[in-house]
Amino acid sequence: MDVLEAIKKRRSVRSFSQEPVDRDLLIQMIDAARVGPSAANRQCLKYVVVTEPELCAEVFKNLKWAAYTAPVGTPAPGFTPTAYVAVCVLQKLALPTMAKYDAGAAIQTIMLLGTARGVDSCWLKAVNYPEVSKLLNLPEGVELDSVVALGKPAEEPTQVDLEEGKEGVEVIKYWRDENSRQFVPKRALGDVLVWEKF
Ligand SMILES: Cc1cc2nc3c(=O)[nH]c(=O)nc-3n(C[C@H](O)[C@H](O)[C@H](O)COP(=O)(O)O)c2cc1C
């Protein structure tokens, strides 16, 4: 799959088959994130990869899913993520205002590689940070930025283009239809692309 295909195919997935994510793929994801862009090349990120089922279950209890459709959208029992990457910032290396950009770039890299290899994901920041940090034994000076949930998809959300001119915040909410299929509206190209000057 080429990069653009993976970019277009990637959707936040919130229902997963229970087939484990291949360990080598998890390693490749972190290896890919490792060589990504980094402010001042500080490379301040650490990645805690969680695959052990009991620990996955504990992490799951500390996440909130799909605010616009809640409680629908939370992975149902038997369809929860089979792996997580906890993206953490090593404070002693970080430029404080910049670390989150490194994290964003790394997370997108992880998610795109996953999509290209048949593993989907959901980036989560609705996280009980103290609890997850405790579960993962994060030491002083290692701060959790985000949790990326991973697994083989058991749903296939659909992206829909908004009509041009629909610029407000009322139109951007994803929704589920009567079959619980997720639809994700994206702003029209003409509403986000500015040539030369605003
Ligand atoms: C910074 C950030 C935080 C997010 N936090 C959550 C979250 O806590 N829970 C959740 O279910 N989805 C979360 N998401 C996923 C968004 O809801 C999702 O990206 C958005 O609805 C667009 O859908 P798409 O990823 O399929 O394009 C987050 C995404 C980003 C970029």
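A single entry from P75, P71, P81, P96 fulfils the requirement of being closer than 30 Å to D177 by Cα, at pLDDT below 95 and in the same structural domain as D24 (by TED's automatic domain parsing): P71. Against the list (1) surrounded by 16 or more Cβ atoms within 10 Å (Cβ to Cβ); (2) farther than 20 Å from A39 by Cα, the condition G104 fails is (2).
Every residue in the range 167-179 that is surrounded by fewer than 14 Cβ atoms within 10 Å (Cβ to Cβ) and over 9 Å from T69 (Cβ atoms), please. Reasoning before the result, please.
Just the residues of the range 167-179 that are surrounded by fewer than 14 Cβ atoms within 10 Å (Cβ to Cβ), to begin with: 167-171, 173, 177-179.
Result: E167, G168, V169, E170, V171, D177, E178, N179.
Given the residues T109, T69, which is the only one that is of a type in the set (S, T, N, Q) and farther than 18 Å from S146 by Cβ?
Numbers: T109 fails: farther than 18 Å from S146 by Cβ.
Answer to the check: T69.
Within the range 181-198, the set of residues being assigned to a loop (DSSP other than H, G, I, E, B), exposed (fewer than 14 other Cβ atoms within 10 Å of the Cβ) and in contact (Cβ under 8 Å) with a residue 12 or more places away in the chain comprises just one member, R181. Can you tell me which residue in the range 12-39 is nearest to N179 (Cα to Cα), limited to those that are touching a helix residue (DSSP H, G or I) at 6+ places or on another chain (Cβ under 6 Å) and in a loop (DSSP other than H, G, I, E, B)? Filtering first and then ranking leaves G36.
Looking at the range 107-134, which of its residues are surrounded by fewer than 18 Cβ atoms within 10 Å (Cβ to Cβ) and on the phi < 0 side of the Ramachandran plot? Matches in the range 107-134: Q108, A116, R117, W123, K125, A126, N128, Y129, P130, E131, K134.
Of everything in the range 33-69, what is more than 17 Å from the chain's Cα centre (by Cα) and among the β-branched types (V, I, T)? Give them in sequence order. The answer is V35, T69. Within the range 1-41, restricting attention to residues that are within 30 Å of L90 (Cα to Cα) and basic (K, R), the residue that is nearest to the ligand (Cβ to nearest atom) is R11.
The values are calculated or read from the model by the stated rules, or taken from the named source; none is laboratory data. Keep in mind that what you see is a predicted model, and the values were worked out from it rather than measured. Note that we place each Cβ from the backbone using ideal geometry, even for glycine, and neighbour counts take in every protein chain shown.
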